[in-house]
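Working notes, beginning with the structure itself.
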Amino acid sequence: MELVSYHADDGIRVAGLRGDSLIDLQDADANLPSTMRDWLNAGRGIWSSTQAAIASGEAIPLQDVRIAPPVPHPAKIVCVGLNYADHAAESGSEPPPEPVIFNKFPTALRSHGETIELPSLSTQVDYEAELVVVIGREGKHISESEALEYVAGYCCGHDVSARDWQLNKPGKQWLLGKTFDTFAPVGPKLVTADVIPDPGNLRIQFRLNGETMQDSHTSQLIFSVPHLVAYLSGVVTLLPGDLIFTGTPPGVGVARKPPVFLQAGDTAEVEIEHLGVLSNPVSREPS
Ligand code: MN
């Protein structure tokens, strides 16, 4: 199944995708929830009725609605650094022996099509294509063998990164450099885990103004999705709707000679096999 969140008259609602159309789940079946959070909280027990609703419900043309991030208000946005060996090498780092974890605040979240704003406080804004995991079930101390049962699905994500903050500020401000407003585009849709039996087998690409800058495969992840879910759940309770950005492959702008940074007028695209294309225009932050 493919699900989106969209702006309706009464707020942001959850819908399924059928071709170029959207099916509001609750309008199609009054027993289904109206929001993505409630849909995730309900668990896999409602997946078959959701599928039936998407197959039979009234279609709204996608071009008539404004899409929101698939999970509009996640409790956590967790990110993994240096999770591809070649990217660690281009960053001048050894592959880490354990996952390197940081986070973004929900105010950074944006949908497919929304603008990435270059902040006035940074001159080195870089791109990072990433597979994003959407947690579907509450858990603590989850074993690696059961970890995928806690995953509802996957999205494309863009870990926009202010390198001057991340690398040059005192103490290396990873969190602040990664969490300027608009620095977490996610979307366009959530593809459920039944469609993606192996998140470690997906081609992942980033294009800047149509030119391919990153082209890799999630088989290159140092720490797999099950390992990351298990590792994180040893520290924090994972909740339905939590997002995990799983790290970026090689080809980022700061490692290029000369370096490439995002500029106003650019178009940034993340494409992941089976998950679609997440496209965002880039502009200067309004002053
Ligand atoms: Mn990243």
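Quick look at the numbers
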item	result
Positive-pole candidate from GLN220, PRO70, VAL195, dipole of the chain, charges at beta carbon	GLN220
Dipole moment magnitude, nearest 20 debye, the chain about Cα centre, only Lys, Arg, Asp, Glu C-beta charged	640
Helix axis angle, 47-56 relative to the chain longest principal axis, alpha carbon, degrees	70
Top of ARG203, ARG256, ARG66 by mean-square fluctuation, Gaussian network on the chain, Cα under 10 Å	ARG256
Accessible surface of the chain, 1.4 Å probe, proportion on carbon and sulfur as whole %	49
Length released on extending from ASN201 to GLN63, taking residue separation times 0.36 nm less the Cα-Cα span	46.6 nm
Per residue accessible area of the chain, 1.4 Å probe, in Å²	42
q = 0.11, 0.15 Å⁻¹: log10 I(q)/I(0) that the Debye formula gives for the chain, counting C-alpha atoms only	-0.60, -1.11
Fully extended contour minus Cα-Cα distance, from ASP38 to ALA75, at 0.36 nm per residue	12.0 nm
Gap separating the Cα centres of segment 207-266 and segment 28-75, nearest whole Å	26
Simple label model, 7 Å out from Cα along Cβ direction - GLN51 to SER143, nm	2.7
Residue-span extension gain [LYS169 to GLU94] - 0.36 nm each, minus C-alpha spacing	24.9 nm
Most fluctuating residue given options GLU138, GLU90, GLU211, as computed from a GNM of the chain linking Cα atoms under 10 Å	GLU211
Positive-pole candidate from LEU22, ALA152, VAL186, dipole of the chain, charges at beta carbon	VAL186
Cα Rg, Dmax (largest Cα-Cα span) when computed across segment 2-68, Å	10.7, 31
Choice from ASN209, ASN83, ASN41 showing the highest fluctuation, given a GNM over the chain with Cα pairs closer than 10 Å	ASN209
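The values are calculated or read from the model by the stated rules, or taken from the named source; none is laboratory data. None of these values were measured; they are calculated from a predicted model. Here the Cβ is made from the backbone with ideal geometry for all residues, glycine too, and neighbour counts use every protein chain on show. Heads up: the accessible areas ignore ligands, DNA and RNA and are worked out on the full protein's heavy atoms, side chains in. Shrake-Rupley method; radii C 1.70, N 1.55, O 1.52, S 1.80 Å.
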